[in-house]
Amino acid sequence: MEKRFVKKKQSNSEINDLPDPLLCHILSFLPTRDSVRSSLLSKRWRSLWLQVPVFDLDSLQFDGDVFGLIEFVDRFLESDENLALNRFKLIYHYEDIGDDDRFLESWIDALVRRRVRHLDFQVNSDDNQLVWMPLSLYLCNTLVSLSLYHVALSYLEPEFVVSLPCLKVMHLDRVRYDKSIKRDESNLETLITSCPVLEKLSIIRDSFELLEIISVRSKSLKSFALVAEDSEVGRLEDHGVEIDAPKLERMSLCDHLSGSVIIHCIAPFALVNIDVNFDGEDGYTLLDQNDDDDDDSYKRTMIGNFLTGISTVSGMKISSNTMEVINDYSNWNCYLSSRTCLGCMLHSLNLFWNCCQPFLVAARIYTHSS
């Protein structure tokens with residue numbers, strides 16, 4: 001019994017002998033709520049959680065105590081402004097705090113001062129309840145990754161300069177944007193073009209978001225994913241996507257809303273995943289081969305340019321919706337030379353589609369009968 005007691009005492013002594021930075025590093029792998037619990041261990045641990053360079057919290061943990069939540073976050077952010085933050089994650093429930101988001105500006109300001117590297121901010125609320133991100137978010141020189149869920153990006157005056165020189169990864173999920181009358185571009189486009197080292201971008205469009213053009217222009221972007229599957233405001237004829245990213249190596253487009261998809265430039269041997277139909281939620285409308293209507297003429301030109309834009313990729317995954325578009329365009333544009341890169345691709349895909357159609361029909365019949 002005596003030996004066991006001595007061994008346990010030595011083990012505790014070893015933990016307490018660890019330096020504060022190492023203990024903070026260990027605590028950084030825990031949610032902030034659990035990190036705070038360590039303060040009960042001893043007097044030395046009482047304020048150690050305030051030195052942890054990671055903050056990870058869900059507002060539900062405060063059971064509707066708004067003042068307690070605000071005081072807690074304020075205490076953490078104001079504890080030591082000389083200590084840089086590696087990661088800050090907050091899941092914010094709108095019913096817990098309401099529309100008084102003035103404190104959010106002070107938090108983002110503090111995060112900028114604390115030189116945060118990774119920011120993840122999520123708002124769970126109804127569709128008509130929005131939290132506006134303050135302008136200081138655009139001025140974080142240390143930010144490496146940014147993840148936002150169900151927020152609105154603030155309006156940008158023409159003279160405002162975005163500065164995000166280190167941002168490499170950006171995930172925007174159901175974020176709402178604004179296009180200034182005084183600017184030629186949306187605040188989303190400004191955000192993208194102001195990130196000189198951006199490598200990975202993913203956008204999931206909000207069903208109530210009205211931005212007509214998703215413009216992705218970046219000289220550094222290597223991976224891009226877009227999801228736009230449903231809209232509560234209906235498909236606007238001018239909804240579209242434009243991509244100009246010469247280093248883009250991976251691209252995934254799942255877009256059932258946009259009437260046009262324009263690819264100006266991507267890397268020559270990119271890998272792409274395409275699920276677009278160029279006609280919104282109602283599905284693709286076949287081209288009229290005997291019609292010289294301006295709409296059909298525009299669509300033919302747009303689809304041809306799109307297919308040319310992806311004709312040099314090294315790998316491609318295509319949905320049945322997109323295959324129908326390619327097959328229809330290939331039949332209409334039968335004069336296209338098979339010696340060209342686009343013509344060769346269309347010919348191969350057309351053969352593949354014709355071979356697969358009987359199996360797809362059989363699969364549909366089997367599914368309905370089951």
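Each reported figure results from applying straightforward, stated rules to the coordinates on display, with no laboratory input. Nothing here was measured: the structure is a model prediction, and the numbers come from that model. Positions of Cβ are backbone-derived with ideal geometry, glycine not excepted, and every protein chain shown enters the neighbour counts.
So which of Lys89/Lys317; Lys247/Lys317; Lys89/Lys219; Lys89/Lys168 end up more than 24 Å apart, counting from Cα to Cα?
Working: Lys89/Lys317 34 Å; Lys247/Lys317 19 Å; Lys89/Lys219 29 Å; Lys89/Lys168 17 Å.
Listed pairs above 24 Å: Lys89/Lys317; Lys89/Lys219.
For region 167-178, take each phi angle, set θ = phi - 60°, evaluate the Karplus expression 6.51 cos²θ - 1.76 cosθ + 1.60, and give the result in whole Hz per residue in order, putting x for glycine and proline.
5, 10, 10, 9, 10, 10, 10, 6, 8, 9, 10, 9
Give me the distance between the Cα centres of region 64-90 and region 199-225, rounded to whole Å.
30 Å
Sorted by average packing, counted as other Cβ atoms within 10 angstrom per residue and highest first, what order do 72-81, 190-199 take? List each step's numbers first, then the result.
Working: 72-81: 15.6, 190-199: 19.5.
Those peptides, ordered most packed to least, come out 190-199, 72-81.
Taking H as built 1.01 Å from N, whose amide H comes closer than 5 Å to the amide H of Met316, not counting residues under 5 places away?
Hits under the 5 Å cutoff: Val272.
For the peptides 111-117, 312-318, 251-257, what is the packing order when you average, over each peptide's residues, the other Cβ atoms within 10 Å and list the highest mean first?
Numbers: 111-117: 19.4, 312-318: 14.0, 251-257: 21.0.
In descending order of packing, they fall as 251-257, 111-117, 312-318.
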